[in-house]
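First up is the structure itself, then whatever we jot down about it.
The values are calculated or read from the model by the stated rules, or taken from the named source; none is laboratory data. Source: prediction; values computed, not measured. All Cβ positions, even for glycine, are placed from backbone atoms using ideal geometry, and neighbour counts span all protein chains on display.
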Amino acid sequence: MSDLKITNLFKRYGNVEVLKDINLDIKSGEFVVFVGPSGCGKSTLLRTISGLESITSGKLEIGGRVVNEVAPSKRGIAMVFQSYALYPHMTVFDNMAYSLKLQRLPKDEIKTLVDRAAGMLQLEPYLERLPKALSGGQRQRVAIGRAIVRNPQVFLFDEPLSNLDAALRVATRMEIAKLKESLPETTMIYVTHDQVEAMTLADRIVVLKDGVVMQVGTPMELYENPQSLFVAGFIGSPKMNLLTGRHAEHHQAHTVGVRPEHLDVVDKGVWTGKVIYSEDLGSDSYLYVDIGADEPVIVRQDGKTSHRAGAQVSFSPKDDLYHRFDQSGRPISGRISAPAAAAPTASDLAEPVDPRKQGEPDAGVVGGAGGVAMPADDKSR
Ligand SMILES: Nc1ncnc2c1ncn2[C@@H]1O[C@H](COP(=O)(O)OP(=O)(O)OP(=O)(O)O)[C@@H](O)[C@H]1O
Ligand SMILES: [Mg+2]
């Protein structure tokens, strides 16, 4: 059993409250990803779970046992950090075997455990090498292997791939996905700034802001039903376009949000503006369109775009997908009761809003309805 239960957890450094009333229930074998802006408390939360940091107040249970006062080494936890400190003078095998030797396990048992971990991480060809003769991705895999051999109940990863180049990140991400499959009983908590890692690896994502849990849910729950303007703007890359002013009022909302990938360039769309910048990425392209607000609206198109800077484009929500939020940044659910006015022109539209300035932290909100994409041509009109 490696369930993890966090109840009313607070962490203060002097007067600074870094974690504020964290409540989380993580099931045995779950892969949970913590995301949030820099400084929001992700690493601190991970370190309190590991025991490297003490808890100011609250309760932390692992496998049904309260571990607040239990030493890190006795919690059944292994942690992998962003900077993997391997022993430079030891081979890969000895790096991975080190903690087992300290536990005075028999030699043949150590060999079995190291070989098994090396097999999982495809490190067999490198066991006799020194770390300096490995690539960054291989070294990070050794650091993960070193944690695996300890057979932890709970695995904690703090941005383990952020020092790797793009190709190695993808390859190592796949290794971690495979690791998750091969250790179905092991609970894994993973901190990342990478949207793709969060969306692809997580069973559930925990979004943190200023030490508060804003929302917990599966990647798709967070993407489709953000429970605050903050989560709407944080999950998804490029981020959701958020518009206030008359257009939002037409939809009886303070803010209307549309993701770049939910906008279609059409002849006569809801918005019209001038392309100020376009990016061709090969598989897709992004148009940055000035509709008369401070920030351009981002529109994603499949493949290469034929719209260049200076061109006028008009666009509408694809399948009429958009999200509505009230003044406090909470989603508005339900149908629009009054007829929407004619499509606004560029001059009707107000500034996009900064999601970081909107919405109060919403502790412990889990799933639920609201903020759903609303059909623009609502039948009730
Ligand atoms: N020992 C400490 N004393 C005082 N404040 C601290 C201490 N350690 C961390 N903090 C503060 O706690 C807050 C959370 O830090 P933490 O490292 O958990 O953030 P993070 O979410 O992991 O950020 P990043 O994404 O940049 O790694 C920060 O504002 C940080 O300055
Ligand atoms: Mg951190």
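Among the residues in the stretch 150-167, are any among the β-branched types (V, I, T) and in contact with a helix residue (DSSP H, G or I) (Cβ under 6 Å, 6 or more places away or on another chain)?
no
Taking the stated definitions as given, is E53 within 16 Å of ligand 2 (Cβ to nearest atom), of a type in the set (D, E, K, R), over 20 Å from I144 (Cβ atoms) and touching a residue at least 12 places away in the same chain (Cβ under 8 Å)? Let's see the steps before the verdict.
On the way: within 16 Å of ligand 2 (Cβ to nearest atom): yes; of a type in the set (D, E, K, R): yes; over 20 Å from I144 (Cβ atoms): yes; touching a residue at least 12 places away in the same chain (Cβ under 8 Å): yes.
In short, yes.
Check G292 against each of (1) touching a Ser or Thr at 6+ places or on another chain (Cβ under 9 Å); (2) in a loop (DSSP other than H, G, I, E, B); (3) within 15 Å of V258 (Cβ to Cβ) and name the one condition it does not meet.
(3)
Does A143 satisfy the condition of being touching a Pro at 6+ places or on another chain (Cβ under 6 Å) and more than 16 Å from ligand 2 (Cβ to nearest atom)?
no
Quick check on G36: is it of a type in the set (G, A, S), within 16 Å of ligand 1 (Cβ to nearest atom) and buried (at least 18 other Cβ atoms within 10 Å of the Cβ)?
When the stated conditions are applied, G36 passes them.
With a cut-off of at least 2 residues that are within 16 Å of ligand 1 (Cβ to nearest atom), name the helices (runs of 4 or more DSSP H) lying wholly within the stretch 128-241.
Because the criterion is at least 2 residues that are within 16 Å of ligand 1 (Cβ to nearest atom), the helices (runs of 4 or more DSSP H) in the stretch 128-241 that meet it are 195-201, 229-234.
Mind telling me which of the residues L45, L19 ends up being more than 25 Å from T172 (Cβ to Cβ), within 12 Å of ligand 1 (Cβ to nearest atom) and among the aliphatic types (A, V, I, L, M)? So that I can check it myself, show each step before the final result.
Numbers: L45 fails: more than 25 Å from T172 (Cβ to Cβ).
Going through L45, L19 in turn, just one is more than 25 Å from T172 (Cβ to Cβ), within 12 Å of ligand 1 (Cβ to nearest atom) and among the aliphatic types (A, V, I, L, M): L19.
When both residues are 6+ apart or on different chains and their Cβ atoms are under 6 Å apart, which pairs have a first residue that lies in the stretch 214-229 and is among the aromatic types (F, W, Y), and a second that is part of a loop (DSSP other than H, G, I, E, B)?
Sorted first by the residue in the stretch 214-229, then by its partner, the pairs are Y223/I235.
Within the set of pairs 6 or more residues apart or between chains, which connect a residue that is touching a residue at least 12 places away in the same chain (Cβ under 8 Å) and within 18 Å of K27 (Cα to Cα) inside the stretch 159-185 to a residue that is in a loop (DSSP other than H, G, I, E, B) and more than 16 Å from ligand 2 (Cβ to nearest atom) with Cβ atoms less than 7 Å apart?
Hits for this filter: P184/G29; E185/S2; E185/S28; E185/G29.
What single numbered condition from (1) buried (at least 22 other Cβ atoms within 10 Å of the Cβ); (2) touching a helix residue (DSSP H, G or I) at 6+ places or on another chain (Cβ under 9 Å) fails to hold for V213?
(2)
Taking the stretch 116-142, which residues are among the charged types (D, E, K, R) and either under 16 Å from Y87 (Cβ atoms) or buried (at least 16 other Cβ atoms within 10 Å of the Cβ) (or both)?
Selection gives E128, R129, K132, R139, R141.
If we keep just the residues of the stretch 2-12 that are touching an Asp or Glu at 6+ places or on another chain (Cβ under 9 Å) and over 17 Å from L156 (Cβ atoms), which is surrounded by the most Cβ atoms within 10 Å (Cβ to Cβ)?
Only one residue fits best here, namely F10.
Mind listing just one residue for me: the one in the stretch 237-280 that is among the basic types (K, R) and at pLDDT below 95 and, of those, surrounded by the most Cβ atoms within 10 Å (Cβ to Cβ)?
Across the stretch 237-280, the extreme among qualifying residues is K239.
Considering only the stretch 72-95, state which residues are more than 16 Å from ligand 1 (Cβ to nearest atom) and loosely packed, with under 14 Cβ neighbours inside 10 Å.
Within the stretch 72-95, S73, K74, A85, Y87, P88, H89 meet the criteria.
Within the stretch 63-71, is even one residue buried (at least 20 other Cβ atoms within 10 Å of the Cβ) and either on the phi < 0 side of the Ramachandran plot or in a loop (DSSP other than H, G, I, E, B) (or both)?
For the stretch 63-71, residues buried (at least 20 other Cβ atoms within 10 Å of the Cβ) and either on the phi < 0 side of the Ramachandran plot or in a loop (DSSP other than H, G, I, E, B) (or both): present.
Before we move on, is M90 in contact with a Lys or Arg (Cβ under 9 Å, 6 or more places away or on another chain) and in contact (Cβ under 8 Å) with a residue 24 or more places away in the chain?
Details: in contact with a Lys or Arg (Cβ under 9 Å, 6 or more places away or on another chain): no; in contact (Cβ under 8 Å) with a residue 24 or more places away in the chain: yes.
For M90, the condition - in contact with a Lys or Arg (Cβ under 9 Å, 6 or more places away or on another chain) and in contact (Cβ under 8 Å) with a residue 24 or more places away in the chain - is not met.
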